[in-house]
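Enquirer: Okay, here's the structure, questions in a sec.
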Amino acid sequence: MKKLLLSFTLAVSVLQSFADEGMWIPMLLGKQVYADMVKKGLKLKPEQLYSVNKASIKDAIIIFGGGCTGEIVSNQGLIFTNHHCGYDAIATASSVENNYLRDGFWAADKAKEIPTQLTVKFLDRIEDVTDRMLKAAGNTTGEARTKALAAETKKITDEVAGTNEFKNAVVASMFKGNQYFLYVYDVFKDVRFVGTPPESIGKFGGDTDNWEWPRHTGDFSVFRVYSSKDGKPAAYSKENVPYKPKHFLPVSVKGIKDGDFAMIFGYPGGTNRYETSFGVKLKTDIENPTLVKLRDMRLKYMLAEMQKDPAVKLKLASNYASIANYWKFFDGESKQLIKYDVFGQKQKQEAAFTAWAKGKPDYENIFADYEKNYAAWRPYAKYRQHLNEGILGSPLVRYVSSWRAVRQRLMAKDFNPEAIKKLMEQATEARKQFLADENKKSDQQILAQALSMFSADVPAEQHPAGFFAKVLAAGSIDENPFKQFAAQVFENTMAFDDAKWNAFAAKPTVDALQNDPAFAVADAFINQYNNNYAPKFAAFAEKNNDLGRMYLKGIMEMNPEKVNTMYPDANFTMRTSYGKVQSYQPKDAVKYDFVCTLDGLMAKYVPGDYEFDLPAKFVELYKAKDFGSYADAAKNDIVVSFITSNDITGGNSGSPVLNAKGELIGLAFDGNYEALSHKLAFDKDLNRTINVDVRYVLWCIEKLGGAKHIVDELQLAK
């Protein structure tokens, strides 16, 4: 273990020249790391990776929905992404009678593909707008700087996209506000559901295997993007045609071996590798532990109801999966940060920076100011977590909090009946959606426990005035007052009472809102936060932004010779990472192979189990060794998944894993537990990306799903 401690490399310096660390901006690959990529095996030219004037790999990479990556794999707009990325669309398309989530689905032809509410975005170009943004910001700081940057961002994006609903422009901050890039996208709004394996494959291993290696999850789903007949983005129409992409990815069935070059394109959501020791301490002491225990509570009550009824499982599945994913992540992140003493290592680097900054007015007080800033906010951090993850973790409370907009409109000086009528129509529509998604039994338990945990964990002086006295008055000493209070809220709110709601919608009043018990809960906690702690958090965040910008500027001045080998934090803009297929040794006497196979998957199989069950046909195919053309020659088995040393994070879900020739070999879907500190610190020895092998994807489509027509669309590299 001592060896692992010594080998752990923090990414705070990110003066990259080693290992496989880095999420690189594709436009700058030629200037920064292309030579190293070639040295490690890449066979493509820079313009084949990213080009504005010619078709390149970047043209096959999409933002899928609101927070995932996908890739175009045929000349007919076929999309591969993760099962968990398509999860909500799959669940929405499902019903108890046609449960595609449980049973899987494969469209027999294009006419059978199911419309969705999804959008996909293709990156058109990247432009450096640093000079313009910094000129607009000038020497301002804090709120003034935030407003100046926002105003200039709006000018830039309006110039590019305006009101065009099929164009999107984003100005992204790099290096904590020292650099800015404009990203321009084409937005396609006709995306159709093509197919998915059963959830028992797409989510095999469930929460038990989440973030773990070995891993046997077939985490993939298939969609298609459509365009107008002239190839332009369009809203859904039966007249639309499959989109003809500028570039699509060939699919390799040649297999992989340990040490092979691997490259990932995608949209990593967020890292903070320049975080300070103060930020690490806040995370490990307060933010993560609070979030984990609140999510653990919510998951417990949701799962109890999901296991009782398939209809409830279908209703809650997407939300449950989202909550569970980062519940385990933040638990693991805290453990890894503590295990490798990231706090102590950050302190050492900050001490070196402070020594260099002595006598430099712009930099010498940065960490003294950081210390004061964190000390001012830290006492209120629990309230913010308990509000967002606990109180508003109740779907009812989160929903009724939207009624605050109705009250604001009712109390406006310019009383406008038409505006109120329109707002009530929107509120009524939102209520329909809430009721369609709501499970009262689990939600009532969540509210009761969230209130109890808030009362016990948050300092009494921060409690909404008089609120918990009302809670305690709701029950006797022999009963749980939090449960009794929650029961009264659910029994008496107009959110569940059609007669009360219809009467309110016909004649909305402020008194009716404020007398609603569910609204009173939301209002009490949100008002307490907004009036007392939101300003403190805003001041904390703005000061951190200013300090972070100067800290990064100082790092660049401290190491001018290495500036060109620095990469910015992930921020859901397109990035490229490169590494290799690679086994690893997580601890003494344990070595993990670089692949998992069907043999290993079947060893985990438990008939009827909630997480480890399999379809009967799957078991039959395995027993018959009916692998088709997808068996790995070295293993004489289907490779289900493999690991690489690539640097990714959330948002990269669904990203293509490419070989040296730019051919698809897998889909990234997870990271390994031993390196869950990767948002704050990269471990050059233990970091691994977990990927579903594309040969397993094709086997599931053709052999299990009987959808060879989909495989026939692909350009297979053999």
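Enquirer: Fewest to most neighbouring Cβ within 10 Å: what's the order for Lys346, Lys315? Write out the running numbers ahead of the final one.
Expert: Details: Lys346 23, Lys315 19.
Ascending Cβ contact count within 10 Å gives the list Lys315, Lys346.
Enquirer: Also, I was wondering about something else. Quick check: pseudo-label points 7 Å beyond the Cα along Cα→Cβ at Leu435 and Ala503, how many nm apart are they?
Expert: For the pair Leu435/Ala503, the computed spacing is 1.6 nm.
Enquirer: Could you pull out the pairs from Lys176/Lys679; Lys135/Lys553; Lys293/Lys684; Lys257/Lys617; Lys281/Lys335 whose alpha carbons sit more than 20 Å apart here?
Expert: The pairs that break the limit, which is 20 Å between Cα atoms, are Lys293/Lys684; Lys257/Lys617.
Enquirer: Take each of the peptides 23-30, 282-289, 131-138, average the number of other beta-carbon atoms within 10 Å over its residues, and list them starting from the highest. Spell out each step's value before the answer.
Expert: On the way: 23-30: 20.4, 282-289: 18.1, 131-138: 15.1.
Per-residue mean Cβ counts within 10 Å order the peptides as 23-30, 282-289, 131-138.
Enquirer: How about the chain: what cysteines have no other cysteine beta carbon under 4.7 Å from their own?
Expert: Result for the chain is Cys596, Cys700, no neighbouring Cys Cβ within the cutoff.
Enquirer: A further question follows. Just rank His709, His463, fewest to most, by other beta-carbon atoms within 10 angstrom. The partial results should precede the final answer.
Expert: On the way: His709 14, His463 17.
The order, fewest Cβ neighbours first, is His709, His463.
Enquirer: Can you tell me the FRET efficiency between Asn365 and Lys562 if r is taken as the Cβ-Cβ distance and R0 is 30 Å, rounded to the nearest 0.05?
Expert: Details: r = 25 Å, r/R0 = 0.82.
Computed FRET efficiency for Asn365 and Lys562: 0.75.
Enquirer: Let me ask another. For the chain, give the magnitude of the charge dipole about the Cα centre (Cβ charges: +1 Lys/Arg, -1 Asp/Glu; no others), in debye to the nearest 20.
Expert: Working: 92 positive and 88 negative charges, 219 e Å.
Result for the chain is approximately 1060 debye, rounded to the nearest 20.
Enquirer: Taking the Cβ of each residue in Trp356, Trp327, Trp699 as the centre, tally the other Cβ atoms inside 10 Å and list the residues starting with the fewest. Show your work: numbers first, answer last.
Expert: Details: Trp356 16, Trp327 22, Trp699 25.
By the 10 Å Cβ count, ascending: Trp356, Trp327, Trp699.
Enquirer: Along the stretch 592-598, what does the Karplus equation 6.51 cos²θ - 1.76 cosθ + 1.60 (θ = phi - 60°) give for ³J(HN,Hα), rounded to whole Hz, x for Gly and Pro?
Expert: 9, 5, 8, 9, 10, 10, 4
Enquirer: Expected output is a single nm value to one decimal: the length gained when fully extending between Asp285 and Asp588, i.e. 0.36 nm times separation in residues minus the C-alpha distance. What is it? Write out the running numbers ahead of the final one.
Expert: Values: separation 303, 0.36 × 303 = 109.08 nm, distance 2.90 nm.
Here the segment from Asp285 to Asp588 would lengthen by 106.2 nm.
Enquirer: Here is a follow-up. May I ask you to compute the full-extension gain from Asn515 to Glu461, defined as 0.36 nm times their residue separation minus their alpha-carbon distance, rounded to one decimal in nm?
Expert: Numbers: separation 54, 0.36 × 54 = 19.44 nm, distance 2.49 nm.
Between Asn515 and Glu461, full extension yields 16.9 nm more.
Enquirer: Could you work out how much longer the chain between Asp36 and Ala352 gets when fully extended? Use 0.36 nm per residue separation minus the Cα distance between them, nm to one decimal.
Expert: Fully extending the segment from Asp36 to Ala352 adds 110.9 nm.
Enquirer: Which far-off residues, 5 or more places away or on another chain, put their amide H under 5 Å from the one on Thr649, with H placed in the peptide plane?
Expert: Gly269
Enquirer: With runs of 4+ DSSP H residues as the only contributors, calculate the mean residue ellipticity of the chain at 222 nm using -39,500 (n - 2.57) per run, divided by the residue total and rounded to the nearest 500. Walk me through the intermediate numbers first.
Expert: Details: 30 runs with 309 residues, N = 718.
Theoretical 222 nm ellipticity from helices: -13000 deg cm²/dmol.
Enquirer: Using θ = phi - 60° and the Karplus curve 6.51 cos²θ - 1.76 cosθ + 1.60, what whole-Hz ³J(HN,Hα) does each residue of the stretch 553-558 get, with Gly and Pro shown as x?
Expert: After applying 6.51 cos²θ - 1.76 cosθ + 1.60, I find 4, x, 4, 5, 6, 5 Hz.
Enquirer: Okay, moving on. Skipping prolines and chain starts, which residues have an amide H placed within reach, meaning under 5 Å, of the one on Phe105, given they are 5 or more residues away or on another chain?
Expert: Under 5 Å from the amide H of Phe105: Thr196.
Enquirer: While we're looking at this one, here's another question. Taking a cut-off of 23 Å between Cα atoms, list the lysines near Lys413, but don't count ones fewer than 8 places away on the same chain.
Expert: Counting by Cα, and skipping residues close in sequence, Lys413 has these lysines nearby: Lys421, Lys422, Lys507.
Enquirer: Turning to a different aspect of this structure: Sort the stretch 232-294 into rounded, prolate or oblate with this rule: let a ≥ b ≥ c be the square roots of the eigenvalues of the Cα gyration tensor; rounded if a/c is under 1.5, and if a/c is not under 1.5, prolate when a/b is larger than b/c, oblate otherwise. Can you show the working numbers first?
Expert: Values: a/c = 3.19, a/b = 1.65, b/c = 1.94.
In terms of gyration-tensor shape, oblate.
Enquirer: Also, I was wondering about something else. Cα gyration tensor of the chain, axes a ≥ b ≥ c as square roots of the eigenvalues: rounded (a/c below 1.5), prolate (a/b > b/c) or oblate? Could the numbers behind the result be given before it?
Expert: Numbers: a/c = 1.43, a/b = 1.14, b/c = 1.25.
Note, shape of the chain comes out rounded.
Enquirer: Related question: Quick one: if you stick a label point 7 Å off each Cα along the C-beta vector at Ile338 and Asn531, how many nm between them?
Expert: It is 3.7 nm.
Enquirer: Could you work out how far the C-alpha centroid of the stretch 653-718 sits from that of the stretch 241-256, in angstrom?
Expert: If we compute the Cα centre of each part, the gap is 14 Å.
Enquirer: Work out, in µm²/s and without decimals, the Stokes-Einstein translational diffusion coefficient of the stretch 276-393 at 37 °C, 0.692 mPa s, Rh from Kirkwood over C-alpha pairs.
Expert: Working: Rh = 16.7 Å.
Value of D from the Cα-based Kirkwood radius: 197 µm²/s.
Enquirer: Once R0 is set to 25 Å, what does the formula 1/(1 + (r/R0)^6) return for the Cβ-Cβ distance between Asp626 and Lys43, expressed as a FRET efficiency to the nearest 0.05?
Expert: On the way: r = 34 Å, r/R0 = 1.36.
The value I calculate is 0.15.
Enquirer: I'd like the distance separating the alpha-carbon centroids of the stretch 383-406 and the stretch 516-564, in whole Å.
Expert: 20
Enquirer: Give me a comma-separated list of calculated 3J(HN,Hα) values for the stretch 396-413, in order, Karplus coefficients 6.51, -1.76, 1.60 applied at θ = phi - 60°, integers in Hz, x for any Gly or Pro.
Expert: With the stated coefficients, the stretch 396-413 comes to 4, 5, 4, 5, 5, 4, 5, 5, 4, 5, 5, 4, 4, 5, 5, 8, 5, 5 Hz.
Enquirer: Please check which bits of the stretch 123-144 a label hung off Val52 would reach, taking the label as a point 7 Å along Cα-to-C-beta and the cut-off as backbone N under 17 Å.
Expert: Only 123-133 pass the distance filter.
Enquirer: Rounded to the nearest 0.05, what FRET efficiency do Glu479 and Ala603 have when you use their Cβ-Cβ distance and R0 = 45 Å? Could you put the intermediate results ahead of the total?
Expert: Values: r = 48 Å, r/R0 = 1.07.
With a Förster radius of 45 Å, E is 0.40.
Read-outs throughout are calculated quantities, based only on the coordinates presented, and are distinct from any laboratory measurement. In this text the structure is predicted, and so the values were computed from the model without any measurement. With ideal geometry, Cβ positions are generated from the backbone for all residues, glycine too; neighbour counts draw on all protein chains shown.
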